[in-house]
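Worksheet: the structure to be examined is printed underneath.
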Amino acid sequence: MEWQPITIQIDKEKANKAPDKRFTEGLSASPELLHQNFLSDLGHLQEIHDIHQTTMENQFAPVEANFDRIAGVLSTASMLDKFDGEYNDEQLSFPLHGCELSGVKLSAAELDENSIVKLSITGRDGDEFEQAFSLPNGSRLATATWAGGELHLSLNRLS
């Protein structure tokens, strides 16, 4: 089969009367223009979005605030696993060999009747590490001691 070229004639009467086509029709329509055209017809969406955002903020702000407070708080078992620590006789021990006592800081807080401890470490090279973890249920931090590169946290049991 052999293809033969066809000459296209110009209709001089209709040549100057091209219909107005929107930019969303034909081969010149791009996905960006189609999307822009779609959104321009939906003016009420911004109002719906704003109402939805306000409702979500009002209803879930306390939940999000709680997540922010407890984010990053490990359980005692996870913290012990992370640092190869030990728990025995009402004492937590964390080997922090390579750290100096001057770079180790502890702070404590209460969160929903649970004791939370935050361990902050600054290494010799200036690197910083911070991790919060919960103490075992029903216990509070009594004392913290440093011995031979290890941090020992003595706990008091609450009755």
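The values are calculated or read from the model by the stated rules, or taken from the named source; none is laboratory data. These numbers come from a predicted model, not from an experiment. So basically every Cβ, Gly included, is an ideal-geometry build from the backbone, and we count neighbours across all protein chains shown.
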Practice problem: Using the structure shown, decide if SER93 is under 24 Å from the mean Cα position of the chain (by Cα) and surrounded by 13 or more Cβ atoms within 10 Å (Cβ to Cβ). | Solution: no
Residue pairs qualifying under the 7 Å Cβ cut-off, at least six apart or on distinct chains, with the first in region 134-159 being more than 14 Å from THR76 (Cα to Cα) and the second being outside any loop (DSSP other than H, G, I, E, B) and small (Gly, Ala, Ser), are ALA142/SER154; THR143/SER154; GLU150/SER93; LEU151/ALA144; ASN156/SER139; ASN156/ALA142; ARG157/SER139; LEU158/SER139
- Query: Looking at region 78-90, is at least one residue in contact with a Gly (Cβ under 6 Å, 6 or more places away or on another chain) and at pLDDT 90 or above?
  - Reply: no
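Quickly run through region 89-118 and pick out the residues that are assigned to a strand (DSSP E or B) and either closer than 16 Å to ALA147 by Cα or acidic (Asp, Glu) (or both).
In the first step, residues of region 89-118 are kept if they are assigned to a strand (DSSP E or B); the result is 91-95, 104-111, 114-118.
GLN91, LEU92, SER93, PHE94, PRO95, VAL104, LYS105, LEU106, GLU110 - these are the residues of region 89-118 that are assigned to a strand (DSSP E or B) and either closer than 16 Å to ALA147 by Cα or acidic (Asp, Glu) (or both).
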Scanning region 71-88 for residues that are in a helix (DSSP H, G or I) and in contact (Cβ under 8 Å) with a residue 24 or more places away in the chain, the one farthest from ASN156 (Cα to Cα) turns out to be LYS82
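Kindly evaluate ASN156 against the criterion of being farther than 15 Å from GLY85 by Cβ and either touching a Cys at 6+ places or on another chain (Cβ under 8 Å) or modelled with pLDDT under 85 (or both).
no
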(1) over 23 Å from the mean Cα position of the chain (by Cα); (2) at pLDDT below 70; (3) of a type in the set (A, V, I, L, M) all hold for ILE70 apart from (1)
